[in-house]
Amino acid sequence: MLSDIWQDFLKIVKEEVGSRVVETWLKAVSLEQWDIDCKTIYVKAPNLFVKEWIASKYTALFQLHLSRLLNTSEVKVIFLCQTEEKSEKKQSLTTIIPAQKSVEIDQPQFQVAKKSYHYQYGKLNPSYRFDTFVVGPNNSLSYAAAYAVTEASGTLYNPLYIYGGSGLGKTHLLHAIGNALQEREEKLVVLYQTADRFVNEFINSIRFNKYHQFQQKYRDLDVLLIDDIQFLSGKEQTQEAFFHIFNAFYDAHKQIVFSSDIFPRQIEGLAERLRSRLEWGLVTDIHKPPLETKIAILKKKAAIHGETLNDEIAEYVAHKADSNVRELEGSLIRILAYASLTKQPLSLELAQKVLAGQQAKKEEISIDFNKITHLVCKRYSYRLSDLRSTSRAKELSLVRQIAMYLMKKMTDKSLREIGIFLGRKDHSTVIHAFEKIEQTVKKDALFGSTLKALEEDILR
């Protein structure tokens, strides 16, 4: 009976607060006992963090719907941890009695415990180092700040926040910081983490009762490098957990470095107290490199591969690859691979031959917002005005998300620019759209093939 009531409760609240809250938090707890004489329901949480979070955020929800499902007017809700004995129930710290009354609960504290052993949780890319990073006028401040962090970790620029477009070297600098710090002190525990992996890790720690291990992992770190911090946008519970991690690191003078594609103040869907902390240290940006820097990058990348690139070839490739450093390196790798496979020497003619096809296609098409939305609307029989409307019709919302996904994937424009183009003030909707379409592609092969065909149409 109690299990049936619980399932009915989850169905009801899913409509009210959404599936994310249910999957992340409510499914982590269970109804342990219903005391009909005392009109008291006991809810068991896997750990103290979950107990306090649910009690502070969703007690009114439990009271309202459990009262109806249990046919009683003033149900009491007592939250317990798995570690608490039943004999302690009546002395529980979190007892909710009459409806409409709230209980103030202190936020869970996140204490930093100094590690007593060396263990590297995240893998740093050994090729991303300061001596393999080409410095130019577009990135000199970010480079200098990143290098300075390695000489005064946790005290000079903490946190350090680097922002700029995709493929311009932000991730390279994060790894370079980690590699340099570990060279200076071998036992230093450094973690490079993307924001989306952090979100998934946090959710899984709640769902599978591993929050203690999650806490312990971050307690043991000395340096935390978070890539694409903007992906915390709109994720309230993850932000809450990260807020305590940030405070603990900052208070202990442990270094934190962030990267993002936008300035902290432009990240919508982020708690103000967390957004302000992102700006506590130094904020620097990276722009697209000028021609001279691109040539220097190409020569250095070629040298890493054991090849020498003359000025003529380097300038040609630099002119052709104008999007970002990642595209620049991709063009170089194709040229080097072709020369190696065909056993031909590097020459301007060879570079022109290798890049001719892709450049001709690139010059014939201009992958911009208008082209993407035109073909998306054509395929699904909508207008651009429909995508820009406030309508939340299920089918239209999916098409709008597809457009956002393709705009993010196929252009180097920022999330904010995509949001503005489609009439969205809060670019967190773009992040949500990208994540949802990515997940759908993984689960639905037919949807994935349809999306692939659409991408090919856009590239024609």
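Could we say that Asn179 is among the polar types (S, T, N, Q) and over 26 Å from Arg416 (Cα atoms) here? Yes. Contact map, the range 368-387: residues that are assigned by TED's automatic domain parsing to the domain that holds Gly423 paired with residues that are assigned to a loop (DSSP other than H, G, I, E, B) and surrounded by 17 or more Cβ atoms within 10 Å (Cβ to Cβ), Cβ distance under 6 Å, separation 6+ or inter-chain. Pairs shown: Leu387/Leu422. Can you name every residue in the range 396-430 that is crowded, with 20+ Cβ neighbours inside 10 Å and modelled with pLDDT under 85? Within the range 396-430, Ser414, Leu415, Arg416, Arg424, His427, Ser428, Thr429 qualify. The single condition from (1) crowded, with 18+ Cβ neighbours inside 10 Å; (2) in contact (Cβ under 8 Å) with a residue 60 or more places away in the chain; (3) more than 34 Å from the chain's Cα centre (by Cα) that Ile5 fails is (1). A search for C-beta distances below 8 Å between a residue of the range 271-291 that is under 13 Å from Ile162 (Cβ atoms) and among the hydroxyl-bearing types (Ser, Thr, Tyr) and any residue that is surrounded by fewer than 14 Cβ atoms within 10 Å (Cβ to Cβ) and at pLDDT 90 or above, counting only pairs 6+ apart in sequence or on different chains, returns nothing.
For the range 153-193, a residue qualifies if it is assigned to a helix (DSSP H, G or I) and out of contact with any strand residue (DSSP E or B) (no Cβ under 8 Å at 6 or more places or on another chain), and the qualifying residues are His172, Ala176, Asn179, Ala180, Glu183, Arg184.
Can you give me the number of residues within the range 285-339 that are crowded, with 21+ Cβ neighbours inside 10 Å and in contact with a strand residue (DSSP E or B) (Cβ under 6 Å, 6 or more places away or on another chain)? Within the range 285-339, residues that are crowded, with 21+ Cβ neighbours inside 10 Å and in contact with a strand residue (DSSP E or B) (Cβ under 6 Å, 6 or more places away or on another chain) number 1.
Being closer than 27 Å to Gln230 by Cα and at pLDDT 85 or above is not true of Lys301.
Per the conditions (1) farther than 24 Å from Val21 by Cα; (2) under 16 Å from the mean Cα position of the chain (by Cα), the sole criterion not satisfied by Arg265 is (2). Return the total of residues in the range 129-152 being part of a helix (DSSP H, G or I), within 24 Å of Arg265 (Cβ to Cβ) and not small (Gly, Ala, Ser). Matching residues across the range 129-152 total 3. Looking at (1) surrounded by fewer than 16 Cβ atoms within 10 Å (Cβ to Cβ); (2) closer than 28 Å to Gln213 by Cα; (3) hydroxyl-bearing (Ser, Thr, Tyr), find the lone condition where Ser73 falls short. Going through the list (1) surrounded by fewer than 16 Cβ atoms within 10 Å (Cβ to Cβ); (2) closer than 28 Å to Gln213 by Cα; (3) hydroxyl-bearing (Ser, Thr, Tyr), Ser73 breaks only (2). Across the range 415-460, the number of residues qualifying as under 23 Å from the mean Cα position of the chain (by Cα) and of a type in the set (Asp, Glu) comes to 5. Taking the criterion of being in a loop (DSSP other than H, G, I, E, B) and under 19 Å from Ser397 (Cα atoms), the residues of the range 407-460 that qualify are Leu422, Gly423, Arg424, Lys425, Asp426, His427, Asp444. Looking across the range 30-75, the residues that are of a type outside the set (Asp, Glu), without any contact (Cβ under 8 Å) to a residue 40 or more places away in the chain and part of a loop (DSSP other than H, G, I, E, B) come down to Ile36, Cys38, Lys39, Asn71, Thr72, Ser73, Val75. Check the range 168-178 and report whether any residue there is under 27 Å from Pro126 (Cβ atoms), charged (D, E, K, R) and surrounded by fewer than 20 Cβ atoms within 10 Å (Cβ to Cβ). For the range 168-178, residues under 27 Å from Pro126 (Cβ atoms), charged (D, E, K, R) and surrounded by fewer than 20 Cβ atoms within 10 Å (Cβ to Cβ): absent.
One line per residue, one yes/no per condition, for (1) out of contact with any helix residue (DSSP H, G or I) (no Cβ under 8 Å at 6 or more places or on another chain); (2) closer than 25 Å to Val430 by Cα; (3) crowded, with 21+ Cβ neighbours inside 10 Å:
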| residue | (1), (2), (3) |
| --- | --- |
| Asn200 | yes, yes, no |
| Lys210 | no, no, no |
| Val223 | no, no, yes |
| Asp227 | no, yes, yes |
| Lys235 | no, yes, yes |
| His253 | yes, no, no |
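Among the residues of the range 382-392, those identified as more than 20 Å from Leu459 (Cα to Cα) and out of contact with any Phe, Trp or Tyr (no Cβ under 9 Å at 6 or more places or on another chain) are Tyr382, Arg383, Ser385, Asp386, Leu387, Ser389, Thr390, Ser391, Arg392.
Phe447 fulfils the conditions (1) exposed (fewer than 14 other Cβ atoms within 10 Å of the Cβ); (2) over 20 Å from Gly234 (Cβ atoms) except for a single criterion, (1).
The values are calculated or read from the model by the stated rules, or taken from the named source; none is laboratory data. Just so it is clear, the model here is predicted, and its values are computed rather than measured. Ideal geometry is used to build each Cβ from the backbone, glycine not excepted, and the neighbour counts take in all protein chains shown.
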